[in-house]
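What follows draws every value from the coordinates through simple rules; no lab data is involved. Remember, predicted model here, so these are calculated numbers, not experimental data. All Cβ positions, glycine included, derive from the backbone under ideal geometry; neighbour counts span all protein chains shown.
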Amino acid sequence: IKRNPGEPEFHQAVREVAESIIPFVLENKKYQEAQILERMTEPDRIVIFRVTWEDDQNRIRANRAWRVQFNNSIGPYKGGMRFHASVTQSVLKFLGFEQTFKNSLTGLPMGGAKGGSNFNPKGKSDNEVMRFCQSLMTELHRHIGEDTDVPAGDIGVGAREISYLFGQYKRLENRFVGTLTGKSLEFGGSRVRTEATGYGCIYFCEEMFKSQGESIRGKTVGISGSGNVAIYAAEKAVELGAKVLTLSDSSGFIHDPEGIDAEKIAFVKDLKEVRRGRIHEYTEKFNAASFHKGKRPWSVPVDIALPCATQNEISGEDAKTLLDNGVKAVCEGANMPTELEGAHAFLNAKILYAPAKAANAGGVAVSGLEQSQNALRLSWSREEVDSRLQSIMSDIHENCLQHGKTDDFVDYVRGANIAGFIKVADAMLAYGVV
Ligand code: NDP
C-alpha cells in the first residue's frame with residue numbers, strides 16, 4: 001500500500017491473488033527465494049501520455065492515456081484498451097495484473113498488459129471518436145507491435161474504435177500486421193472474436209455444472225451489463241436452454257420474467273451496438289419487462305449470476321442477497337466484478353464460483369487465435385475457431401480442478417490463481433535475475 005498509494009483497485013486485485021498464492025509460494029521455496037510474487041506485482045513499465053484532440057465545436061481537448069505493460073515472460077504483451085471516464089492508473093494496473101494470470105491460463109504464448117484513457121465516448125460523434133483514436137495511436141504506435149505488445153478492445157472500445165486505431169497504426173507504420181486484435185473480418189479479424197468472451201463464459205459455466213453431473217439447461221440466469229460480454233453470454237445461455245431474466249447498463253436494469261429470448265437479444269444488439277441507446281428502451285418494446293432505475297440486478301432470484309458490466313458491481317451485501325435467493329453459480333464475465341467480501345461469501349457458501357481470470361479468458365484466447373491467423377495470413381472458419389475456444393475453456397476448467405479441488409468442493413479462485421501463476425513464475429525463474 002505504501003509502494004502504490006491511491007491505487008485501491010490494484011491493491012484489491014493483488015490481495016485476492018495473494019490469498020491463494022502466498023500459501024502455495026511458502027510450500028515451494030524456489031518461488032519464495034526468487035521473490036517471484038514481489039516481482040510479479042511490479043509492472044515491467046507504464047507509458048503515460050497526453051492525447052490532444054479537437055471536438056466538433058473546434059475546441060481543443062486533452063485526455064490522459066496509459067499502456068501498462070505488466071509482464072512479458074511467456075509472450076508479447078497482450079490486453080485490451082478501455083475508454084471510460086473512470087479509468088485511472090490503478091484500474092489499469094489491476095487489469096494488467098489480472099491479465100498476466102488470465103493469459104497464462106489460456107495456454108497460449110501471451111504476456112499481460114492493459115491500457116486505456118479517461119476519455120468518455122458517451123455522447124461523442126463518430127468523428128470525435130475517430131480524431132481521439134487517431135491522436136492516441138500517434139503516440140501509442142511507438143510502444144506496440146505484433147511481437148511486442150498487441151492491444152485489443154475492452155469497455156468503450158469495440159469494432160468502431162479498433163478500426164480507427166488500426167487504420168492510424170497502419171498509416172504511421174506502413175505495415176499491415178496483426179498489432180491489434182478485435183479487427184473486423186475484412187481486415188484480419190477472427191471469426192467468433194466478437195462473441196468469444198460471452199460464449200467462453202457460458203462454456204466455462206457449463207463445464208462447472210457438468211463436473212457436478214448437471215447442466216445450465218432450464219436454469220434461470222441474471223446478467224448485468226448489455227455490452228459485448230453481456231450480449232453474447234445471453235445469446236449462448238439461451239442457445240443452451242437457459243432462461244435469461246435480466247440485463248443492465250449504468251442507468252439501471254431490466255427484468256423480463258418471460259425470458260430474454262433470441263429475438264429480444266437481437267433488439268438489444270441493435271439498441272446498444274448500432275443505435276447506442278439506453279437499456280430502459282427495452283421495456284417500451286417488451287411490455288412484460290420492468291425497468292429499475294439506478295439499481296443492479298442482483299435482487300432478482302436466479303440460479304446463475306453473470307456479472308458482465310464492470311469491476312466491484314457485486315458488493316458483500318449483493319452476494320448475500322444472491323445466496324439467500326439460492327444462487328447456484330456465479331461466473332464472472334467482467335473483470336473483478338465481485339468485491340473481496342462478496343468473493344469470500346461465495347467461497348464460504350461453496351457454490352460454483354468462477355473468477356474472471358478463468359471465466360472470461362475466452363476473449364483473449366480468441367485474440368491469441370487472431371494473432372496466429374494473422375501471422376499465418378489465414379482465416380479459419382467459424383466452426384474451427386469456436387471448437388478451439390471450447391477446448392481452451394475446457395482445459396482452463398481442468399487446470400482449475402487440478403489446483404483447486406478439495407474433498408467436497410472446488411475452489412476455482414485458488415485453482416485459477418495457482419494454475420496461472422506457475423507458468424509465468426517458472427519462466428521468470430528460468431530467466432534468472434531480470
Ligand atoms: P462494453 O463497453 O461493451 O459494455 C460495458 C457494459 O457495462 C455496458 O452495458 C455499460 O453500460 C456497463 N458499464 C460499464 N461501466 C459501468 C459502471 N461503472 N457501472 C455500471 N455499468 C457499467 O464492455 P465489455 O462488454 O467489453 O466489457 C465488460 C466487462 O468485461 C469489463 O469488465 C471488461 O474488462 C470485461 N472483459 C471484456 C472482454 C472483451 O472481450 N470485451 C474480455 C474480458 C473481459 P453503459 O453503456 O451505460 O456504460
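A few points about this structure:
- The charge dipole of region 2-107, taken about the Cα centre with unit charges on the Cβ atoms of Lys, Arg (+1) and Asp, Glu (-1), comes to about 260 debye, rounded to the nearest 20.
- Cysteines not pairable in the chain (beta carbon separation under 4.7 Å absent): Cys133, Cys201, Cys308, Cys400
- Rg/Rg_ref, region 44-177, where Rg_ref = 2.2 N^0.38 Å and atoms are Cα: 1.01
- Candidates per trypsin sites (Lys or Arg not before Pro) in region 267-333, loop by DSSP, up to 12 other Cβ within 10 Å: Arg275, Arg276
- Residues whose amide H comes within less than 5 Å of that of Tyr353, counting only those at least five positions distant or on another chain, are Val330, Tyr412 (H built at 1.01 Å from N in the peptide plane).
- Of the chymotrypsin sites (Phe, Trp or Tyr not before Pro) in region 161-202, those whose Cβ has at most 16 other Cβ within 10 Å and which sit in DSSP loop: Phe176
- In region 70-164, the trypsin sites (Lys or Arg not before Pro) that fall in loop regions by DSSP, at most 11 other Cβ within 10 Å: Lys122
- Considering only Cα atoms, the convex hull volume of region 196-350 works out to 96 Å³ per residue.
- Take every pair of alpha-carbon atoms less than 8 Å apart whose residues are at least six positions apart; their mean separation over the length of the chain yields a relative contact order of 16 percent.
- Gln35 paired with Leu340, simple spin-label distance in nm, labels 7 Å along Cα-to-beta-carbon: 2.3 nm
- For the pair Asp426 and Arg59, the difference between a 0.36 nm per residue extended length and the Cα-Cα distance amounts to 127.0 nm.
- Simple label model, 7 Å out from Cα along Cβ direction - Val177 to Arg217, nm: 4.8 nm
- Distance (nanometres) between label positions extended 7 Å along Cα→Cβ at Asn28 and Glu281: 5.0 nm
- Cut-off under 5 Å, modelled amide H: who pairs with Gly153 long-range: Met81
- The relative contact order of region 196-350, computed from alpha carbon pairs under 8 Å that lie at least 6 residues apart in sequence, is 23 percent.
- Ignoring lysines fewer than eight residues from Lys2 along the same chain, the ones with Cα atoms less than 18 angstrom from its Cα are Lys93.
- Nearest-0.05 FRET efficiency for Ser315 and Asp395, computed from C-beta distance (R0 22 Å): 0.10
- Peptides ranked, highest mean first, by Cβ atoms within 10 Å: ranges 247-260, 50-63: 247-260, 50-63
- With R₀ set to 22 Å, the beta-carbon distance separating Thr52 from Ser86 gives a calculated FRET efficiency near 0.55.
- Leu240-Ala18 FRET efficiency (beta carbon distance; Förster radius 41 Å; 0.05 resolution): 0.70
- Subtracting the Cα-Cα distance of Val433 and Glu383 from 0.36 nm times their residue separation leaves 13.6 nm of extension gain.
- Straight-distance crosslink candidates among lysines, where the alpha carbon sits under 22 Å from Lys405 and sequence neighbours closer than 8 are dropped: Lys102, Lys210, Lys328, Lys350, Lys357, Lys423
- Virtual paramagnetic centre 7 Å along Cα→Cβ of Ser125, amide N under 16 Å, in region 45-86: 53-61
- Region 44-177, relative contact order in percent, only Cα pairs under 8 angstrom and at least six apart counted: 28 percent
- Working note: Karplus 6.51/-1.76/1.60 with θ = phi - 60° gives region 149-155 the couplings 7, 10, x, 8, x, 6, 4 Hz, where Gly and Pro are set to x.
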